[in-house]
């Protein structure tokens with residue numbers, strides 16, 4: 001009623017009754033109702049897969065013009081700009097309650113933010129690659145979409161949360177969507193490369209290596225044949241699977257997951273609505 005674009009997460013939960021029931025039972029009863037493994041494999045991950053399949057169809061990268069592709073890339077770069085800062089803040093927030101989770105978040109921070117003697121910060125690599133391969137600067141990009149501002153604002157607030165279980169849930173959402181988001185972003189930058197007659201894939205060498213760094217288990221950045229993004233997701237998932245051991249509360253994990261998944265999804269949906277509206281105005 002108060003939105004000009006749909007909530008894909010709420011729409012999915014309206015159809016996926018088993019997942020909705022698990023979420024609402026845990027929150028309503030105030031305790032765990034299934035194992036952490038089942039929560040991830042039967043509910044969190046399938047929900048993300050279904051929603052991002054819809055997002056891919058809405059965005060339809062192969063149809064984008066150069067300006068439309070730039071809009072998506074610029075808006076998505078905003079979260080990437082602050083990701084490492086927020087990881088470090090979240091690590092500091094949970095350190096007293098669960099130093100093991102703080103260590104995992106710090107490990108992610110060092111990979112995202114750049115560890116001395118290793119790769120530079122991922123945002124530095126990405127923004128430099130965009131200039132080198134596509135002649136597109138996102139440094140200083142100001143958000144055009146309300147959902148982009150909401151995304152950054154919400155994760156900023158959640159990283160300070162007094163509830164470690166909420167932080168765990170929200171960071172699982174953040175890491176679990178990363179693979180789907182990175183693949184879609186790659187399709188969009190490839191599309192911009194084609195639109196600019198610069199090619200795609202390996203024709204854009206620095207971007208190609210950036211995506212390999214995140215997704216390829218054979219890349220030098222991979223850890224034990226586990227690609228960077230998959231490793232981040234697995235590392236956070238461990239604490240949900242072992243929630244009783246570490247003292248995490250399933251209702252708050254679910255709450256944090258939903259608080260973070262919604263703005264990630266909303267950003268894609270609002271941007272696709274903006275693109276569709278602009279196209280309609282040109283018809």
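The values are calculated or read from the model by the stated rules, or taken from the named source; none is laboratory data. Computed from a predicted structure; not experimentally measured. Cβ placement follows ideal geometry from the backbone for every residue including glycine, while neighbour counts extend to all protein chains displayed.
Taken over the stretch 90-119, the residue count meeting the criterion of being modelled with pLDDT of 95 or more and more than 19 Å from residue 176 (Cα to Cα) is 9. Within the stretch 135-184, being closer than 24 Å to residue 8 by Cα and free of Cβ contacts under 8 Å to residues at least 12 places away in the same chain holds for 149, 153, 157.
Quick check on this structure: which one of 207, 249, 215 is farther than 30 Å from residue 28 by Cα, crowded, with 18+ Cβ neighbours inside 10 Å and at pLDDT 90 or above?
One residue alone meets the criteria, 207.
Among the listed residues 257, 239, 264, which satisfies the condition of being in a helix (DSSP H, G or I), farther than 17 Å from residue 181 by Cα and modelled with pLDDT of 95 or more?
239
You will find that of 155, 167, the residue that is part of a helix (DSSP H, G or I), at pLDDT below 95 and crowded, with 21+ Cβ neighbours inside 10 Å is 155 and no other. When residue 161 is tested against (1) closer than 17 Å to residue 91 by Cβ; (2) assigned to a helix (DSSP H, G or I), only condition (2) is not met.
Any chance the stretch 192-199 includes a residue that's in contact (Cβ under 8 Å) with a residue 40 or more places away in the chain, in a loop (DSSP other than H, G, I, E, B) and in contact with a helix residue (DSSP H, G or I) (Cβ under 9 Å, 6 or more places away or on another chain)? Walk me through it before giving the result.
First, pick out the residues of the stretch 192-199 that are in contact (Cβ under 8 Å) with a residue 40 or more places away in the chain: 192-193, 195-196, 198.
Adding the requirement that they be in a loop (DSSP other than H, G, I, E, B) leaves 196, 198.
Of the ones still in play, those that are also in contact with a helix residue (DSSP H, G or I) (Cβ under 9 Å, 6 or more places away or on another chain) are 196, 198.
Among the residues of the stretch 192-199, at least one is in contact (Cβ under 8 Å) with a residue 40 or more places away in the chain, in a loop (DSSP other than H, G, I, E, B) and in contact with a helix residue (DSSP H, G or I) (Cβ under 9 Å, 6 or more places away or on another chain), which makes the answer yes.
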